[in-house]
Amino acid sequence: MLWRAHCISLFSLQNAEPEPRSLSLGGHVGFDSLPDQLVSKSVTQGFSFNILCVGETGIGKSTLMNTLFNTTFETEEASHHEECVRLRPQTYDLQESNVQLKLTIVDAFENYLQEELKIRRSLFDYHDTRIHVCLYFITPTGHSLKSLDLVTMKKLDSKVNIIPIIAKADTISKSELHKFKIKIMGDLVSNGVQIYQFPTDDEAVAEINAVMNAHLPFAVVGSTEEVKVGNKLVRARQYPWGVVQVENENHCDFVKLREMLIRVNMEDLREQTHSRHYELYRRCKLEEMGFQDSDGDSQPFSLQETYEAKRKEFLSELQRKEEEMRQMFVNKVKETELELKEKERELHEKFEHLKRVHQEEKRKVEEKRRELEEETNAFNRRKAAVEALQTQALHATSQQPLRKDKDKKKSDIGVQQSGMSLSSSKVMMTKASVEPLNCSSWWPAIQCCSCLVRDATSAKGTLY
């Protein structure tokens with residue numbers, strides 16, 4: 001029992017972290033130059049600082065960026081007909097004295113995480129695209145925050161450092177501006193929106209940061225135009241009632257924003273982005289991929305086991321999706337077959353209907369053809385009969401003059417006058433019979449021929 005207690009005590013002492021001991025140096029070593037080395041290296045490499053500007057169109061985002069960095073950024077007008085909301089990064093290289101700054105207006109964490117997870121990564125010279133600060137532009141309504149503003153900032157506060165600012169502060173009076181700031185901060189606290197607070201743990205900047213935290217949100221005015229005030233040119237906005245100076249702290253909080261954002265807390269914003277927001281994002285993404293830290297009671301974390309487990313999970317999920325796709329395909333084929341059969345049945349019914357209609361029409365056409373043939377045959381018979389009668393009439397008419405001469409010689413003088421009248425009438429009838437028929441169609445011609453034959457026959461009977 002004593003040996004076991006001794007082993008446990010020894011084990012606990014071996015696992016306990018030893019307290020560091022302070023030692024005195026016998027002479028100058030040289031590691032006190034490390035800060036100077038870091039400064040020199042940082043100046044050589046330069047810095048990356050990424051700003052996300054969020055606000056309504058025309059609220060003055062581009063103007064404030066130009067005023068903040070005392071330059072003119074070349075920006076393109078964004079289309080108002082995009083299919084979805086997306087970020088448009090703009091990167092610029094700035095230099096002040098011998099310090100280079102790579103400024104990116106809008107980007108994301110994903111690219112940096114992809115570079116970090118590579119086997120061969122080069123974070124040393126990789127352009128850090130993580131957003132370090134979000135300047136959220138609030139419309140100076142004088143009432144309270146819109147629901148859209150609260151929802152947007154609530155979504156962003158766990159991903160980026162938010163600094164709320166009131167844009168175009170020269171459109172609202174000082175008393176209304178003070179009340180508006182109180183309402184904004186009240187809305188943020190009541191809705192649980194976490195904005196960036198300037199750090200007060202560093203004694204060098206604790207006092208000024210504590211004072212500046214009380215001025216949030218900053219009310220700013222942006223302008224790149226220079227107006228002459230007194231004997232000097234200042235950046236300001238000219239109005240009929242006066243001049244609003246951008247860098248006059250009695251007019252707006254632009255100087256406070258510039259001091260806190262660039263000159264005092266830029267490195268803290270970068271550090272907060274890396275240690276808080278990016279680490280939270282990285283942890284969530286790795287947990288989604290199946291990686292997790294080992295607890296004190298569990299086995300040590302094994303990348304190989306995690307990989308194999310994720311691979312099996314992926315293959316099983318892939319097989320399940322393949323089975324679902326196959327079943328979906330089979331069902332789709334069955335549905336298509338049923339649709340095709342239904343279409344085939346409809347086409348067959350339509351074909352049978354058209355076939356019956358065609359047969360009926362064919363029967364009617366045959367009947368019409370037979371009727372037309374019968375009418376044609378009847379017409380030909382009537383035509384032949386008429387032609388025969390007409391021929392007989394012409395033959396009879398040609399024999400009448402000879403008979404007339406013989407009768408004249410045998411008749412007496414008393415009967416001669418009556419014979420002459422009859423002869424003149426016969427000549428007239430014969431002339432009418434010989435003349436051609438001027439008929440435009442066959443039916444009037446048949447009627448004319450019938451009349452002539454009838455008249456000729458009656459005349460012949462009279463003569464004989």
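Calculated FRET efficiency, T224 to F31, Cβ-Cβ distance, R0 = 35 Å: about 0.15 to the nearest 0.05. Converting phi to 3J(HN,Hα) with the Karplus coefficients 6.51, -1.76 and 1.60 and the offset θ = phi - 60°, region 270-275 yields 5, 5, 4, 4, 6, 7 Hz in sequence order, with x at every glycine or proline.
Near the amide H of V243, within less than 5 Å, lie no amide hydrogens of residues on another chain or at least 5 residues away, with H placed in the peptide plane.
For S190, the accessible area of its heavy atoms, probed at 1.4 Å with every protein chain present, is near 90 square angstrom. For the residue pairs K155/K181; K102/K146; K41/K285; K61/K174; K334/K355; K61/K256, the alpha carbons lie more than 24 Å apart in K102/K146; K41/K285; K334/K355. In this structure the amide hydrogen of Q100, modeled in the peptide plane, comes within under 5 Å of the amide hydrogens of G46, F47, none closer than 5 places in sequence on its chain. Computed packing ranks the peptides 35-47, 262-274 as 262-274, 35-47, most packed first, by mean other Cβ atoms within 10 Å. Amide H contacts under 5 Å for C134: L52, N161, I162, I163, restricted to partners 5 or more places along the chain or on a different chain, H placed in the peptide plane at 1.01 Å from N. Between L318 and E279, the contour length at 0.36 nm per residue exceeds the Cα-Cα span by 11.0 nm. Ordered from largest to smallest accessible area (heavy atoms of protein chains, 1.4 Å probe), the residues K168, K368 come out as K368, K168.
Figure note: H28, H353, H132, H251 ranked by solvent-accessible area, largest first, 1.4 Å probe, ligands and nucleic acids not counted: H28, H353, H251, H132. Leaving out ligands, DNA and RNA, and with a 1.4 Å probe, what % of the accessible surface on region 320-385 is carbon or sulfur? Answer for region 320-385 is 57 percent, counting heavy atoms of protein chains only. Across the protein chains, with a 1.4 Å probe defining accessible surface, the residues E371, E226, E360 rank E226, E371, E360 from largest area downward.
How much length would be gained if the chain were fully extended between F379 and M325, taking 0.36 nm per residue of separation minus their Cα-Cα distance, in nm to one decimal?
11.6 nm
In this structure Y307 has an accessible area near 130 Å², from a 1.4 Å probe over the protein heavy atoms. Residues in region 320-385 average 98 Å² of solvent-accessible surface per residue, probe 1.4 Å, ligands and nucleic acids excluded.
Rounded to the nearest 10 square angstrom, E374 shows an accessible area of 120 square angstrom against a 1.4 Å probe.
Model label sites at S42 and R311, defined 7 Å from Cα along the beta-carbon direction, differ in position by 4.4 nm. Scalar couplings 3J(HN,Hα) for region 178-191, obtained by applying the Karplus form with A = 6.51, B = -1.76, C = 1.60 to θ = phi - 60°, are 5, 5, 5, 4, 5, 5, 5, 5, x, 5, 5, 5, 5, 9 Hz; x denotes Gly and Pro. Sequentially through region 330-336, phi angles give Karplus couplings (6.51, -1.76, 1.60; θ = phi - 60°) of 4, 4, 5, 5, 4, 4, 5 Hz, Gly and Pro residues having no value and appearing as x.
The values are calculated or read from the model by the stated rules, or taken from the named source; none is laboratory data. Quick caveat: nothing in here was measured; it's all calculated off a predicted structure. In this analysis, Cβ positions are derived from the backbone assuming ideal geometry, glycine residues included, and neighbour counts consider all displayed protein chains. Surface areas here come from the heavy atoms of the whole protein model, side chains and all, with no ligands, DNA or RNA. Shrake-Rupley method; radii C 1.70, N 1.55, O 1.52, S 1.80 Å.
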